[in-house]
1. When only DSSP loop residues count, what GluC sites (Glu not before Pro) in segment 67-164 have their Cβ near at most 15 other Cβ atoms within 10 Å?
2. At 0.36 nm per residue, and after removing the present C-alpha to C-alpha distance, how many nm does the segment from THR54 to GLU83 gain when stretched out fully?
3. With every atom except the alpha carbons ignored, what do you get for Rg and Dmax of segment 143-228, in angstroms?
4. Once label points are set 7 Å from the Cα along Cα→Cβ at both GLN176 and LEU103, what is their separation, rounded to one decimal in nm?
5. Please give the contour-minus-distance gain from SER126 to ARG146: 0.36 nm per residue of separation, less the Cα-Cα distance, rounded to one decimal in nm.
6. For segment 90-132, run through the trypsin sites (Lys or Arg not before Pro) and keep only the ones in DSSP coil with at most 15 other Cβ atoms within 10 Å of their Cβ.
7. Hey, which of these cross-link pairs are over 25 Å Cα-Cα: LYS67/LYS111; LYS67/LYS112; LYS42/LYS111; LYS75/LYS225; LYS67/LYS143; LYS143/LYS171?
Amino acid sequence: MNGFFENCVAKENIMVPLLTILTLAFWLMPLVSSGQSNDVGKAVIVIDPGHGGTDSGAIGINGIQEKDMVLKVGKEMARLNDELFGESFEIYLTRYTDTLISLGDRAFLAKKFNANLFVSLHCNHSSNPSAVGVEVYVPNYGKYMRESILLAYQLQKGLRQNIGFESRGVKFANFQVLRETVDYCPTVLVELGFLSDRDEAHHLTQDENVMAIALSILSCFIRLKMIL
């Protein structure tokens, strides 16, 4: 298992150029059309934009708030699923506005909607100004632990290759939202870069980059349809 996680860590130390939105969208379109047949219907995905309301989460070096950034990404994923990919998935968000939802209620929604995947979105922060990159957390036990690891690996790989984020690897954690969903479906918590880093914080404020991140995550879901 250690070798697997060592292979999850990217070797690059610099950001690579951002793929254009049209190029990434064109790359995804054949995958959507070829994966429409599903005897059990559309896969249900619950997207959990972390924090909200009085809980701002991390505050960026440029003043942006984690709760706002992850909500933008989550809503963009839902929009692209509807408008670009013909509702390939049935997507629900745990919050659609700047509202604080308890961790237990977030996990409960995954069960209520009979989710095939649960993905919690966050942004990172560090006292180390040189800390950069994407981290993906998975539960360290549970019925869908192995599927969660597969999903996490594909997510961090896609964000590295498509967006240029440095990968900090896949890590085990006992976060409540993971702990309370892993026996119902594959579940991951994604840290979408460091708001304490000037470049990554600025990157997340650009609408075209939010769209690219959302496309990259959706592409991972499309490629993993066979396990949903």
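1. Numbers: sites: GLU76, GLU83, GLU87, GLU90, GLU135, GLU147; in loops: GLU87.
Answer in residue order: GLU87.
2. Working: separation 29, 0.36 × 29 = 10.44 nm, distance 3.16 nm.
Net length gain for the segment: 7.3 nm.
3. In Å, with Rg to one decimal and Dmax whole: 13.7, 39.
4. Inter-label distance under the simple model: 0.5 nm.
5. Numbers: separation 20, 0.36 × 20 = 7.20 nm, distance 2.90 nm.
That works out to 4.3 nm of additional length.
6. Values: sites: ARG95, ARG106, LYS111, LYS112; in loops: ARG95.
Here no loop site has a sparse enough neighbourhood.
7. Working: LYS67/LYS111 23 Å; LYS67/LYS112 23 Å; LYS42/LYS111 16 Å; LYS75/LYS225 21 Å; LYS67/LYS143 30 Å; LYS143/LYS171 17 Å.
As for pairs spanning more than 25 Å Cα to Cα, those are LYS67/LYS143.
Here, each number is a calculation from the coordinates, and none is a lab measurement. Remember, predicted model here, so these are calculated numbers, not experimental data. For neighbour counting, all protein chains shown are included, and Cβ atoms are generated from backbone atoms with ideal geometry for every residue, glycine included.
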